[in-house]
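The values are calculated or read from the model by the stated rules, or taken from the named source; none is laboratory data. All of these numbers come straight from a predicted model, not from anything done at the bench. Note that each Cβ is placed from the backbone with ideal geometry, even for glycine, and that neighbours are counted across all protein chains shown. Each accessible area value is taken on the protein alone, full model and side chains, heavy atoms only, with ligands, DNA and RNA left out. Shrake-Rupley method; radii C 1.70, N 1.55, O 1.52, S 1.80 Å.
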Amino acid sequence: AVASRAAAEREAATQRFIALLAASGVDPEGSWDDAMKRTVNHADYRALQTLGDRKAAFERWGRERREAAEAAARAEERRRKVDFLTLLKGRPELTSRTRYPEAEALLGKEARWLALADEPEREELYEEYALSLERKEGAERRAARQARMAALRALLEREAVS
């Protein structure tokens with residue numbers, strides 16, 4: 001019970017110190033010396049007893065902030081890709097035979113097209129989309145051919161032609 005209480009108090013102190021870092025405008029990418037200069041005169045600077053604990057909390061906070069920023073950037077990139085594919089799917093004039101330069105001429109001014117700033121990535125996504133369209137169109141042609149063949153067989157059986 002005593003150990004868990006001490007751990008809870010230590011975590012609370014760490015959280016107060018981390019809140020101080022955020023409130024003081026410390027850059028998560030900045031140096032420990034800069035963080036100390038910005039926070040040393042505040043009462044919560046001493047929330048953690050040792051300099052090592054403070055530095056560990058600073059490093060943890062910086063790592064968490066960087067990871068959160070990276071996760072947000074990945075989510076934003078994923079959203080841009082989904083929007084780009086939604087744009088392509090919403091344009092019936094695009095077929096598997098439409099090449100990238102034609103699509104670019106057609107959609108090049110669209111915000112969702114321009115949201116993917118990396119041209120090679122945009123071209124790669126378009127080519128993947130065109131390939132999926134080609135597969136879909138091929139499956140539709142095969143299904144239509146099978147339906148026509150079945151209709152022909154039924155007609156021949158009905159007319160008793162062997």
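Can we say Glu124 is modelled with pLDDT of 90 or more and open to solvent by 100 Å² or more (accessible area, probe 1.4 Å)?
It is true that Glu124 is modelled with pLDDT of 90 or more and open to solvent by 100 Å² or more (accessible area, probe 1.4 Å).
For region 16-64, a residue qualifies if it is closer than 24 Å to Ala6 by Cα and among the basic types (Lys, Arg), and the qualifying residues are Arg16, Arg46, Arg54, Lys55, Arg60. Among helices (runs of 4 or more DSSP H) entirely within region 72-162, having at least 1 residues that are among the small types (Gly, Ala, Ser) and on the phi > 0 side of the Ramachandran plot singles out no element at all.
Okay, residues lined up against (1) in contact (Cβ under 8 Å) with a residue 12 or more places away in the chain; (2) open to solvent by 40 Å² or more (accessible area, probe 1.4 Å); (3) out of contact with any Pro (no Cβ under 9 Å at 6 or more places or on another chain); (4) farther than 30 Å from Leu125 by Cβ:
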{"site": "Arg16", "(1), (2), (3), (4)": "yes, yes, yes, yes"}
{"site": "Arg78", "(1), (2), (3), (4)": "no, yes, yes, no"}
{"site": "Leu88", "(1), (2), (3), (4)": "yes, no, yes, no"}
{"site": "Glu93", "(1), (2), (3), (4)": "yes, yes, yes, no"}
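Conditions tested, residue by residue: (1) within 27 Å of the chain's Cα centre (by Cα); (2) among the hydroxyl-bearing types (Ser, Thr, Tyr).
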| residue | (1), (2) |
| --- | --- |
| Leu125 | yes, no |
| Tyr129 | yes, yes |
| Lys136 | yes, no |
| Arg141 | no, no |
| Ala150 | no, no |
| Ala160 | no, no |
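Among the residues making up region 43-71, those that are part of a helix (DSSP H, G or I), open to solvent by less than 70 Å² (accessible area, probe 1.4 Å) and within 15 Å of Ile18 (Cβ to Cβ) are Asp44, Tyr45, Ala47, Asp53, Arg54, Ala56, Ala57, Phe58, Arg60, Trp61, Gly62, Ala68.
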